[in-house]
Each structure stands twice: as structure tokens, then as C-alpha cells.
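*Asks:* Provided herewith is a single structure, encoded as C-alpha cells, for subsequent inquiry.
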Ligand SMILES: Cc1cc2nc3c(=O)[nH]c(=O)nc-3n(C[C@H](O)[C@H](O)[C@H](O)COP(=O)(O)OP(=O)(O)OC[C@H]3O[C@@H](n4cnc5c(N)ncnc54)[C@H](O)[C@@H]3O)c2cc1C
Ligand SMILES: Cc1cc2nc3c(=O)[nH]c(=O)nc-3n(C[C@H](O)[C@H](O)[C@H](O)COP(=O)(O)OP(=O)(O)OC[C@H]3O[C@@H](n4cnc5c(N)ncnc54)[C@H](O)[C@@H]3O)c2cc1C
């Protein structure tokens with residue numbers, strides 16, 4: 001048993017849990033965060049990455065719309081380096097119901113969502129790839145945000161405020177003293193050990209898995225795991241986020257993201273959040289819907305499909321689209337007479353900070369902490385200053401494109417890892433030429449941000465996420481992990497197998513044209529040349 | 001419009017196309033090649049595999065032909081067996097004959113034997129079975145004798161990470177009771193590439209072509225050899241040109257140990273060397289090679305009359321039509337990678353495979369085109385997609401009828417096998433290329 005006693009244990013490592021760890025540690029609490037896999041592995045790591053303006057919920061879900069509209073402004077400030085402030089369009093394409101536009105205007109006004117109508121000509125000038133049949137267009141303040149980096153930076157900030165972040169550590173039970181939760185029992189996947197930790201308060205922020213954690217305390221919270229499937233295409237295609245001007249349905253958003261665009265999304269209640277897989281019919285639906293918005297998608301290469309479980313709060317039997325996207329804090333002392341245990345569910349990735357503030361207010365009260373919430377004023381690591389690409393490139397002798405990618409992924413933190421290249425120039429070499437990732441960046445991800453395997457590095461650096469889907473970089477990243485950390489080679493081989501298999505799973509749904517050709521080459525490299533099928537497959 | 005008349009037109013300039021063309025040219029046939037680009041051959045590691053594994057069977061095929069007794073049971077349509085008219089003994093003979101008939105430039109580039117699979121150490125640190133390796137890769141063959149190998153990476157060139165690869169190598173060797181073969185990691189740097197961002201093998205090669213750079217590199221290697229005193233130094237496959245291969249001897253003399261390359265992912269020197277050697281074969285034998293795209297056949301009465309293509313001599317010049325008229329045609333356009341086959345989709349994302357020149361009927365295995373496991377040792381259905389041929393290497397339809405009387409095929413455009421799973425890519429290309437040529441010769 002660890003002898004150290006924490007003020008708070010936060011269970012989970014998504015946007016919600018990391019935001020809570022950041023908030024409470026900034027208020028002076030001693031925090032331990034436990035995530036069973038990697039920090040943004042749940043819904044956060046696989047969501048759409050929309051920095052919502054609130055427009056999407058203005059009609060059906062005013063509470064959530066208001067929250068989004070507020071947080072949008074905050075994140076543009078505190079996370080500016082990972083936000084792409086693109087702006088969004090809501091477009092109506094026949095047969096979208098014309099009367100929805102009026103409801104949209106009304107909803108935006110009521111909820112404080114910024115918007116204005118544009119002429120169709122104006123919109124087509126800005127977005128030549130849009131369907132020329134659009135009837136009406138509204139501009140809103142949507143943006144894109146890197147959701148994985150968002151969670152990691154919040155964890156990094158928490159760590160800077162003395163929080164302890166433990167990944168690959170799964171909570172398997174709660175520890176009780178009578179009716180009071182006094183800690184957790186956790187399985188450490190890296191060491192194979194069962195560990196125990198104690199704290200004044202245990203916070204259940206396990207997203208779609210929160211119901212399972214609550215059950216460990218014998219209480220029920222109405223979390224409905226709800227699956228969304230998304231499709232990634234090779235080009236950004238559009239300059240803005242584009243939504244359909246109708247009630248949210250399957251495949252009505254395209255979000256440009258880093259070097260790609262993401263088409264989303266479905267909404268299907270599922271029993272087991274760990275079994276949220278994309279299916280071919282969903283992919284087809286998404287593809288057709290995206291072609292309707294931007295016909296160019298028809299010719300654009302699809303890289304892969306993936307799915308994630310939303311932690312919606314609702315009742316069993318209600319369709320996912322009908323459930324509000326707002327959040328709820330559960331004080332189990334009040335509702336279930338169990339002390340030292342609070343849960344949170346619902347919400348969005350982009351409202352995580354607000355969710356954390358509400359929950360932390362409650363926890364701070366219980367702990368007697370007086371310090372006010374500062375999460376909306378303090379910048380996240382890397383957002384302290386604007387990065388000048390030209391001078392970054394010049395300082396370290398990089399191509400502008402390489403410097404630009406590093407800065408969009410890390411902001412001013414790029415200076416930290418590029419500093420190492422002064423002594424070790426070989427760290428400037430690119431490990432991934434799709435997303436322009438230097439070895440220095442990967443080293444930083446491993447040494448400073450809790451990445452222990454290839455997939456962890458992917459979430460931080462976008463390796464494996466580009467056009468070749470890990471063909472050229474998977475083994476290179478694996479090799480760096482082995483070289484830098486001495487991780488045993490058997491484990492490294494397992495990592496390679498897992499990373500390639502995981503990519504394959506999403507690629508398989510879209511095996512045609514160049515993506516199938518790429519797969520053929522990938523097998524040539526790993527199996528014909530490397531003979532890895534015989535090493536791993538038997 | 002340009003018009004090219006030739007006795008045989010070969011489409012594709014990879015291993016299969018050049019094997020067919022050179023066999024014909026050596027027998028006095030007037031041959032022309034047309035291709036739109038380079039294919040898989042140039043991306044390969046240039047080893048000539050015959051047969052490493054049978055998908056359903058554990059363990060390596062040693063010697064390669066020992067696998068045929070399984071092949072006749074598991075896959076009667078394998079191109080080797082088709083070439084041997086269904087008889088494994090005949091298949092062996094035709095493979096031996098084909099490898100015997102390899103053009104001199106290709107023979108001189110390689111060492112090995114059709115009767116034996118050697119284990120060659122790769123840039124992943126794994127061992128893979130193959131029948132022939134290029135001479136610069138010979139030191140990477142693990143013979144089973146006691147030796148100390150210094151696996152040496154170039155700083156910043158991540159295609160070979162020596163620390164990673166030697167860990168895998170030691171694990172792999174131990175599992176084969178060869179733990180007494182020692183593989184140790186080391187690094188050298190190439191001075192003018194320090195801090196380079198796009199460090200790729202062609203760039204390394206270009207830099208090493210400069211004498212001053214090469215001498216620096218040599219000095220570093222000598223230092224390393226003095227310190228570690230290895231039997232063998234293995235580097236990534238970086239010696240792209242004949243001049244550099246020549247200079248490897250100079251390195252050996254200076255380091256007083258063997259210097260070799262390991263097979264390395266594309267673009268590696270060994271793949272480029274093989275493709276260059278194939279190009280040389282063509283020029284030596286007087287085979288004209290044309291570059292053209294959008295090839296469209298014209299057929300009459302079950303006979304291919306001519307093929308019309310598009311050609312640009314320079315990037316900005318106008319595209320011109322080029323017409324090839326031949327008595328016989330050989331289709332050697334490769335698979336999905338070489339683009340002898342493409343896969344398109346309709347609005348519902350239903351896939352449709354197509355042979356790109358003649359729209360020939362394709363063999364498409366039943367079931368999903370890919371399994372859920374990329375490391376499935378049984379391979380993937382999409383790799384097995386290709387055309388059907390008869391024992392004369394003539395494309396046939398599903399009923400076995402010859403599609404065009406004067407059309408033959410060779411290489412990975414042929415279906416019913418998976419070279420990733422079987423490790424047999426070049427062997428099939430060489431054998432079927434040879435057999436296609438023989439069929440044409442027998443019809444003269
Ligand atoms: C398809 C889709 C698209 C979306 N698009 C957007 C969008 O564009 N913008 C937006 O703002 N929101 C979006 N969302 C919603 C958003 O992703 C989620 O609301 C948010 O990410 C939830 O974060 P979370 O931290 O609560 O849950 P999660 O991110 O799921 O985190 C829960 C974590 O808990 C961990 N965990 C589970 N059990 C245990 C245990 N026993 N011990 C330790 N750890 C455990 C999990 O591994 C997981 O990492 C989308 C959701 C989906 C599904
Ligand atoms: C990474 C990798 C490593 C490999 N390593 C090895 C190895 O070490 N040993 C081994 O034995 N095998 C290896 N293989 C397999 C081997 O490379 C192939 O089986 C072999 O090269 C196939 O040769 P080919 O001549 O049939 O096709 P290709 O080499 O692909 O040639 C096809 C030719 O046809 C042309 N072409 C295609 N379509 C058209 C068209 N429509 N019009 C005009 N021209 C066209 C192409 O441009 C090209 O010139 C490897 C494969 C890969 C992917």
C-alpha cells in the first residue's frame with residue numbers, strides 16, 4: 001500500500017478527469033489521477049474534436065448550447081495553440097426542412113450562440129468545395145481542437161501543480177471504511193501489481209465507464225454508453241467546419257483537423273463501451289452524407305473509420321439523439337448516503353473545464369479549500385505565447401513546414417523539445433513524414449507526457465495518423481521507445497503487433513483505391529521483408 | 001502519333017516483364033517493353049525468394065521445394081503448379097530452368113541457390129528465409145557459424161535502428177538456438193547529413209558518392225571496427241550505385257572485417273540496384289523500353305491487334321499517342337502496388353477490382369478481402385486477387401477458356417498466391433516470366 005495519502009483521487013483520464021485534476025491541484029489539493037490505459041483513450045481520444053459554438057445544440061438542447069458558447073471563448077484563450085479557430089457554417093441542402101433555419105436563429109439568440117447569416121454566393125466563394133445547391137448559410141464560431149492534446153496538456157498542468165498522474169493503472173475496486181469511500185484498489189498494467197491508494201475523496205470521472213465505477217460503490221448513475229462512428233479523409237477539403245441545418249442526424253458534420261478532415265457521426269446506444277466498433281453500413285452512411293455536403297469527398301481518399309462511446313446521461317431505452325449533452329455532478333453523500341465519493345457524467349469534451357469547475361467547487365467545499373477556480377484564466381502549457389514559425393524554424397534549422405507542425409501540436413512546448421536538437425542534431429530527423437514529426441518530439445512525448453507505447457505516442461504526436469497509417473513510422477517509433485526507455489523487446493514486439501492491428505481495424509472498412517494499395521505495401525514491408533507474420537502471427 | 005512495330009510487346013518493366021523480355025531477346029525475338037512507371041520490384045529488398053512458407057503449415061520450407069508436397073494439397077492453382085502443369089516435379093524443373101536462364105547481370109548481382117533457403121538478417125532484426133541475396137547482402141546471411149556482428153545504424157536514418165534491431169536479432173537467434181551468434185548495436189554519422197530532416201537512403205547514397213564524404217565515413221567505420229573488433233559490420237542498404245558497391249571492398253580492407261547490408265524498407269539500395277540491373281539487361285539485349293500511360297487495347301476476333309497509349313516526352317509538352325503493334329503480348333503489370341490491378345468503389349462503397357489494361361476476368365477469393373489480422377500467416381484475400389492463367393501462361397476466363405490467343409501473362413498480376421505469406425514473390429515473377437517466353441518461343 002502506498003503510504004502517501006492524497007486529498008483527491010480522480011478516476012479516468014479523459015477530458016473530464018484531467019480537467020478535474022488540473023482544477024483541484026491548482027486550488028492546492030494533492031491529487032492522484034488514475035487512468036486504466038492512456039490519458040485520452042476513451043471518448044476524448046476518439047471524438048470529433050469540435051470546439052462547439054453551441055450552434056449544433058441551439059434548437060434541441062439549449063442548456064448544452066449555452067455551456068458550449070461560453071467555453072468556446074475560454075478555450076480559445078487558454079488552449080489557443082491547439083485550437084484551429086476556423087469558424088463554422090450551418091448549411092441547408094434540400095431536403096433539409098426550411099423552417100429549421102428560423103428555429104436555429106431563435107435558438108441561437110436565446111442561448112447566446114454567436115451567428116450571422118451569409119449569402120450563398122459569399123459562402124461558395126469562401127468554400128468552393130461546398131455543394132452548390134445550398135439554400136441558406138449561417139456562420140457560427142465553431143472551431144477545431146485537438147482533443148487528445150487537450151487532455152494531455154491538462155494532465156501536464158496538473159502535474160506541474162503537484163498532481164500525480166498514473167496511466168495504465170485500472171481501478172478495480174473501491175476501499176471502504178463503513179459507508180465512507182476511503183480509497184481505491186487498482187491494477188497496474190505495466191507491473192502486473194495490485195496497488196492501493198487512499199484519499200479524502202474519490203472522484204469518478206470515468207466517462208462511459210462511470211456506471212461501472214459507481215456500481216463498485218453499490219450506487220446507480222444513469223450513464224448510457226452511446227456510440228458514434230467517424231470517418232477520416234486524407235485532405236482537409238473545407239476551410240470551415242460545416243454542419244447541416246437540420247436536427248442532428250448521422251453524417252452531418254465535416255471537421256477539418258490537422259492534415260485531415262473528419263466526417264461524423266452516428267449515435268447508437270451500446271451495452272458495452274469497450275465494444276464501440278465502426279461498421280461498414282455506418283461508414284457508407286457517413287460517406288454519402290459527406291458527399292452531399294461537399295461532392296469532392298467522393299474522390300478523396302478515405303484513411304480509416306473509428307468509433308467512440310459517449311458518456312450520456314439518460315434513461316435506458318431513450319434514443320441517444322434525444323438525450324441532452326449537458327452534464328451532471330452526483331454527490332453520493334447526498335443521494336446515496338455514501339461519503340467521500342462523487343461522480344460526474346455527460347457533457348462534452350469542450351465543456352470539460354466548466355464541468356470540472358462545478359465538480360471541483362463541490363469537492364473543494366468538502367475539503368475546506370478556499371482558493372478560487374483559476375482554470376479559465378491560466379493558459380495551458382504551451383499556450384503562454386504565440387509561436388513565430390519563422391523564428392522557430394530559424395532557431396533550430398528546421399524547414400518551416402516542420403516547425404509549423406510542431407508548433408500546432410505543442411505551442412511553446414516545441415522550444416523545450418527542440419532545444420535538445422542543439423546537442424543531438426540527429427533528433428531533428430523526421431520519424432513520420434506524413435505528419436512531419438521529428439525524433440525530438442517523440443522523445444519528449446515519451447519522457448515528459450507518460451507515453452509508454454506506440455499508440456500513446458500517436459495520441460500526442462499524430463504519428464500513425466497520416467496517409468500511410470503507420471506503414472513507415474510504426475517500427476521507427478517502437479525502436480525509439482526501446483532505445484530510450486529500455487522497454488523489453490518482447491513487449492515492444494507486442495506493441496508493434498497491437499499498433500498495426502489497431503490501425504488495420506479502422507482501415508479495413510475502407511480498403512479500396514489507394515488505401516488498399518497502401519495496405520498491400522504495408523504487408524510487403526512488415527511481412528515479406530520483415531517476416532513479422534511468422535514472428536507474431538503463429 | 002508514334003507507331004512502334006515489334007514481334008512481342010511486354011507490358012511492365014519489373015522482374016516478370018524483364019524476365020520474359022530477356023528470355024525472348026536472347027532467342028532472337030524482337031521485343032519491346034512499355035510501362036507507365038516502376039513497380040514493386042524497385043521497392044523490394046531485391047532478394048530472390050522461391051518459397052519460404054506454406055500458409056497452412058508451420059515452419060520454413062527447407063529446401064524451398066520441400067514445400068511443394070503441401071502446396072499440391074493446399075493450393076493446386078498456385079502459379080508454380082500451373083507453370084508445372086499441375087505436377088510438382090515439373091514445377092521444380094521449370095523453376096530451376098528459369099533461374100538458370102536469368103540474365104547474366106542479374107545472376108552476377110546475387111549469390112545463393114534454388115536448392116536452399118538461407119536466413120538473412122533484416123533491418124528489423126528478424127531473420128527471413130530466401131534463396132538468393134544480392135552480394136552486398138551476403139554478410140547478412142546467418143550461416144550458423146560463430147560470429148560477432150556489429151549492426152551499425154546511421155544517425156538520423158531510422159530505417160535501421162541498431163539498438164532495436166539487435167535486441168530483436170538476439171531474441172530471434174536465441175529462439176533458434178543460435179544465441180552464440182552475437183549481434184551488437186553501433187552508430188556512425190555522416191557528417192554533412194547531421195541535422196538533416198528528410199534523411200532517406202537515396203540521399204545517403206548521393207552524399208557517399210562524394211569522395212570526401214566517403215573518406216570521412218570510412219574513418220568512422222574504421223574507428224568503430226578497431227574498438228569493437230567484429231567479424232562483420234552490417235549497415236542499412238545504402239550503397240545504391242555500382243561505384244558504391246565497388247567501394248564496399250575498400251571499406252572491408254580498411255576495417256579488416258566483412259562489410260554488408262541488411263534488407264531495408266523502401267526505397268532501399270538493394271531494390272534500386274535490382275531495378276537498375278533490369279534496366280541494364282534491356283539495354284544490353286537491345287530491348288527498347290517505352291514510357292506510356294492509359295494503355296488501351298484494340299482487339300479483333302479474339303486477337304490483340306494493337307495497344308494505344310499516351311506519352312509525354314517532357315512534363316510540359318503535349319501528350320502524344322503512341323501505338324504498339326505486335327504479334328504477341330505479355331502482360332506483366334504487377335498487382336495492386338504496381339497497378340496491374342486497381343480497386344474502385346461505387347456509391348455504396350462496394351468494391352470492384354479491375355485488371356487495368358485488358359479488363360481481364362479476375363480470380364477473387366470468396367469472403368472478406370482482408371482478415372482482421374494483418375499478421376495472419378495465412379495471408380489476405382486481396383493479395384491473392386489476380387488473373388487466371390493456363391499452363392502456357394495465357395489468361396483464361398473462369399471456365400478455363402483462353403481470352404486472347406496472342407496474350408500471355410507473368411508475375412504478380414497472376415492470382416492465387418500471396419507472396420507476403422509465402423515469401424515467393426520474385427520466384428513467381430521469374431518462373432512465370434520465363435514460362436510465358438517459352439510458350440511464345442514454342443509458337444514461332
Ligand atoms: C463520436 C463522438 C463525437 C464527439 N464529438 C465531440 C466534439 O466534437 N466535441 C466535443 O466537445 N465533444 C464531443 N464528443 C463528446 C466527448 O467526446 C465526450 O463527452 C468527452 O470526451 C467525455 O470525456 P470523459 O473524460 O468524460 O470520458 P472519456 O474520454 O471516455 O474518459 C473516460 C476514461 O476513463 C477511463 N476508465 C474507464 N474505466 C476505468 C477504470 N476502471 N480505472 C481507470 N480509468 C478508467 C477510460 O479508459 C477513459 O480514458 C463526441 C463523442 C463521440 C462519441
Ligand atoms: C516492400 C516489399 C519487399 C519485397 N521484397 C521481396 C524480396 O525480398 N524477395 C522477393 O522475392 N519478393 C519481394 N517482394 C515481392 C516482389 O517485389 C514482387 O512479387 C515482384 O517484384 C513482382 O514483380 P512484377 O514484375 O510482377 O511486378 P512489378 O515489379 O510491380 O512491375 C509491374 C510493372 O508494370 C507496370 N504497369 C502496371 N500497370 C500498368 C499499366 N496499366 N500500364 C502500363 N504499365 C503498367 C508498372 O509500372 C511496372 O513497371 C517484395 C514486395 C514488397 C512490397
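We did not get these values from a lab; they are worked out from the coordinates using the rules stated. Just so it is clear, the model here is predicted, and its values are computed rather than measured. Note that each Cβ is placed from the backbone with ideal geometry, even for glycine, and that neighbours are counted across all protein chains shown.
*Asks:* How big is the C-alpha Rg of the range B:90-159 next to the rule-of-thumb value 2.2 N^0.38 Å, as a ratio? Could you put the intermediate results ahead of the total?
*Replies:* Details: Rg = 14.9 Å, N = 70, 2.2 N^0.38 = 11.1 Å.
Rg over 2.2 N^0.38 Å, computed on Cα atoms: 1.35.
*Asks:* Jot down the radius of gyration and Dmax of the range B:1-112, Cα atoms only, both in angstrom.
*Replies:* 16.6, 56
*Asks:* Please compute the Cα-Cα pair-distance distribution of the range B:29-181 with 10 Å bins starting at 0, giving whole percents from short to long.
*Replies:* Cα pair-distance distribution for the range B:29-181, in percent: 10, 30, 34, 21, 6, 0.
*Asks:* Right, next: Taking every pair of Cα atoms in the range A:389-536, average 1/r, invert it to obtain the Kirkwood radius, and report Rg/Rh to two decimals.
*Replies:* On the way: Rg = 15.8 Å, Rh = 15.9 Å.
In the range A:389-536, Rg relative to Rh is 0.99.
*Asks:* Separate question: Can you tell me which of B:375, B:214, B:353 moves the most in a GNM of chain B? Springs connect C-alpha atoms under 10 Å apart.
*Replies:* Looking only at B:375, B:214, B:353, the biggest GNM fluctuation is shown by B:375.
*Asks:* Which translational diffusion coefficient, to the nearest whole µm²/s, is obtained for the protein assembly as shown from the Stokes-Einstein equation, given a Kirkwood hydrodynamic radius over C-alpha pairs, 25 °C and 0.890 mPa s? Write out the running numbers ahead of the final one.
*Replies:* On the way: Rh = 30.6 Å.
My calculation gives 80 µm²/s for D.
*Asks:* Ignoring everything except DSSP H segments at least 4 long, calculate the 222 nm mean residue ellipticity for chain A; use -39,500 (n - 2.57) per segment, divide by total residues, nearest 500.
*Replies:* Working: 19 runs with 199 residues, N = 538.
Estimated from H runs of four or more residues: -11000 deg cm²/dmol.
*Asks:* How big, on average over all directions, is the shadow cast by the Cα convex hull of the range A:176-224, in nm²? Write down the numbers at each step before the final one.
*Replies:* Working: hull surface 16.1 nm².
For the range A:176-224, the mean projected area of the Cα convex hull comes to 4.0 nm².
*Asks:* Would you please calculate the Kirkwood hydrodynamic radius of chain A over all C-alpha pairs and express it in Å, rounded to one decimal?
*Replies:* Evaluated over chain A, this radius sits at 23.8 Å.
*Asks:* Continuing with this model, one more query. Looking at the square roots a ≥ b ≥ c of the eigenvalues of the Cα gyration tensor of the range A:46-94, which shape do they give, rounded for a/c under 1.5, prolate if a/b is larger than b/c, or oblate? Please report the intermediate quantities before stating the final value.
*Replies:* Details: a/c = 2.11, a/b = 1.39, b/c = 1.52.
Oblate is the answer for the range A:46-94, as a/c is 1.5 or above yet b/c matches or exceeds a/b.
*Asks:* Before anything else, pin down the relative contact order of the range A:389-536: Cα pairs under 8 Å, at least 6 apart, normalised by residue count, whole percent. If you can, show how the numbers build up before the last one.
*Replies:* Details: 145 pairs, mean separation 21.3, N = 148.
Value for the range A:389-536: 14 percent.
*Asks:* If all Cα-Cα distances of the range A:431-507 are sorted into 10 Å bins from 0 onward, what percent lands in each bin, rounded to whole numbers?
*Replies:* Pair shares across the bins are 21, 59, 20, 0.
*Asks:* Kindly state, to the nearest 0.05, the FRET efficiency for residue A:318 paired with residue A:271, given R0 = 22 Å and r defined as their beta-carbon distance. List each step's numbers first, then the result.
*Replies:* Working: r = 15 Å, r/R0 = 0.67.
With a Förster radius of 22 Å, E is 0.90.
*Asks:* Any idea what diffusion coefficient the range A:236-280 gets from Stokes-Einstein, in µm²/s, Kirkwood Rh on alpha carbon pairs, 4 °C, 1.567 mPa s?
*Replies:* Values: Rh = 12.2 Å.
Reported coefficient: 106 µm²/s.
*Asks:* How far apart, in nm, are the 7 Å Cα→Cβ label points at residue B:298 and residue A:334?
*Replies:* Here the answer is 8.6 nm between the modelled labels.
*Asks:* Among B:350, B:161, B:279, whose mean-square fluctuation peaks in a Gaussian network model of chain B (Cα, cutoff 10 Å)?
*Replies:* Residue with maximal mean-square fluctuation among B:350, B:161, B:279: B:350.
*Asks:* Same structure again: Give me the percent relative contact order of chain B, please, defined on Cα pairs under 8 angstrom at least 6 residues apart.
*Replies:* Working: 998 pairs, mean separation 108.5, N = 444.
Relative contact order here is 24 percent.
*Asks:* Give the Rg (one decimal place) followed by the Dmax (whole number) of the range B:51-129, computed from C-alpha coordinates and expressed in Å.
*Replies:* When restricted to the Cα atoms of the range B:51-129, Rg and Dmax are 13.8, 39 Å.
*Asks:* If you project the alpha carbons of the range A:217-319 onto the principal axes, what extent comes out on each, in Å, largest first?
*Replies:* 51, 27, 25
*Asks:* In addition: Can you give me the three principal axis dimensions of the range A:131-267 from its C-alpha atoms, in Å, biggest first?
*Replies:* 65, 33, 27
*Asks:* Full-extension gain between residue B:197 and residue B:316, please, as 0.36 nm times their residue separation minus the C-alpha to C-alpha distance. Walk me through the numbers on the way to the answer.
*Replies:* Working: separation 119, 0.36 × 119 = 42.84 nm, distance 3.07 nm.
Stretched fully, the residue B:197-residue B:316 segment lengthens by 39.8 nm.
*Asks:* With a 10 Å radius around each residue's Cβ, average the other Cβ atoms per peptide and rank A:115-128, B:310-323, A:446-459, highest first.
*Replies:* Numbers: A:115-128: 14.3, B:310-323: 11.6, A:446-459: 22.9.
Highest to lowest by the protection proxy: A:446-459, A:115-128, B:310-323.
*Asks:* Computed over the Cα atoms of the range B:342-444, what is the convex hull's projected area averaged over all directions, in nm²?
*Replies:* Working: hull surface 29.9 nm².
That works out to 7.5 nm².
*Asks:* Give the Rg (one decimal place) followed by the Dmax (whole number) of the range B:270-361, computed from C-alpha coordinates and expressed in Å.
*Replies:* 16.1, 50
*Asks:* Expressed in nm to one decimal, what extension gain is obtained for the pair residue B:348 and residue B:116 from 0.36 nm per residue of sequence separation less their Cα-Cα distance? It would help to have the intermediate numbers written out before the result.
*Replies:* Values: separation 232, 0.36 × 232 = 83.52 nm, distance 4.85 nm.
Net length gain for the segment: 78.7 nm.
*Asks:* Does the range B:57-98 come out rounded, prolate or oblate by the C-alpha gyration tensor, with a ≥ b ≥ c the root eigenvalues, rounded set by a/c under 1.5 and, if not, prolate when a/b is larger than b/c and oblate if not?
*Replies:* Since a/c reaches 1.5 but b/c is at least a/b, the shape of the range B:57-98 is classed as oblate.
*Asks:* So for B:255, A:473, fewest C-beta neighbours within 10 Å to most, what's the order?
*Replies:* Details: B:255 22, A:473 29.
Listing B:255, A:473 from fewest to most nearby Cβ atoms yields B:255, A:473.
*Asks:* Also: What is the extension gain from residue B:228 to residue B:107, computed as 0.36 nm multiplied by their sequence separation minus the C-alpha to C-alpha distance, in nm to one decimal?
*Replies:* On the way: separation 121, 0.36 × 121 = 43.56 nm, distance 3.42 nm.
Gain on extension, residue B:228 to residue B:107, equals 40.1 nm.
*Asks:* Calculate how large, on average over all directions, the projected area of the Cα convex hull of the range B:125-214 is; give the answer in nm² to one decimal. Spell out each step's value before the answer.
*Replies:* On the way: hull surface 26.7 nm².
Its average projected convex-hull area is 6.7 nm².
*Asks:* Could you tell me what % of all Cα pairs in the range A:1-42 have separations over 13 Å?
*Replies:* Counting every Cα pair in the range A:1-42, those more than 13 Å apart make up 51 percent.
*Asks:* Another question, then. Hey, fewest Cβ within 10 Å first, where do A:325, A:301 land in order?
*Replies:* Values: A:325 22, A:301 16.
Ranking A:325, A:301 by Cβ neighbours within 10 Å, fewest first, gives A:301, A:325.
*Asks:* Sticking with this structure for a sec: Taking beta carbons within 10 Å but only from partner chains, what does the mean come to for residues A:420-430? Please report the intermediate quantities before stating the final value.
*Replies:* On the way: counts 0, 1, 1, 0, 4, 7, 13, 3, 6, 13, 7.
Shielding by partners across A:420-430 averages 5.
*Asks:* Cα extents of chain B along the three principal axes, largest first, in whole Å?
*Replies:* 72, 53, 49
*Asks:* I need the shape label for the range B:208-263. Rule: rounded when a/c is under 1.5, else prolate if a/b > b/c, else oblate, with a, b, c from the alpha carbon gyration tensor.
*Replies:* Values: a/c = 1.91, a/b = 1.29, b/c = 1.48.
Cα axes put the range B:208-263 in the oblate bin.
*Asks:* So if R0 is 45 Å, what FRET efficiency would residue B:323 and residue B:215 give, r being the distance between their Cβ atoms, rounded to the nearest 0.05? Please report the intermediate quantities before stating the final value.
*Replies:* Values: r = 52 Å, r/R0 = 1.16.
Taking R0 as 45 Å, the efficiency between residue B:323 and residue B:215 is 0.30.
*Asks:* How large is the helix-only mean residue ellipticity at 222 nm for chain B, computed as the sum of -39500 (n - 2.57) over DSSP H runs with n ≥ 4, divided by its residue count, in deg cm²/dmol to the nearest 500? Kindly include the intermediate steps, with their values, before the conclusion.
*Replies:* Values: 14 runs with 143 residues, N = 444.
Counting only the DSSP helices, I get -9500 deg cm²/dmol.
*Asks:* Could you give log10 I(q)/I(0) at q = 0.11 Å⁻¹ for the range B:233-318, computed by the Debye formula over C-alpha point scatterers of equal weight, without solvent?
*Replies:* Debye intensities relative to I(0), on a log10 scale: -0.57.
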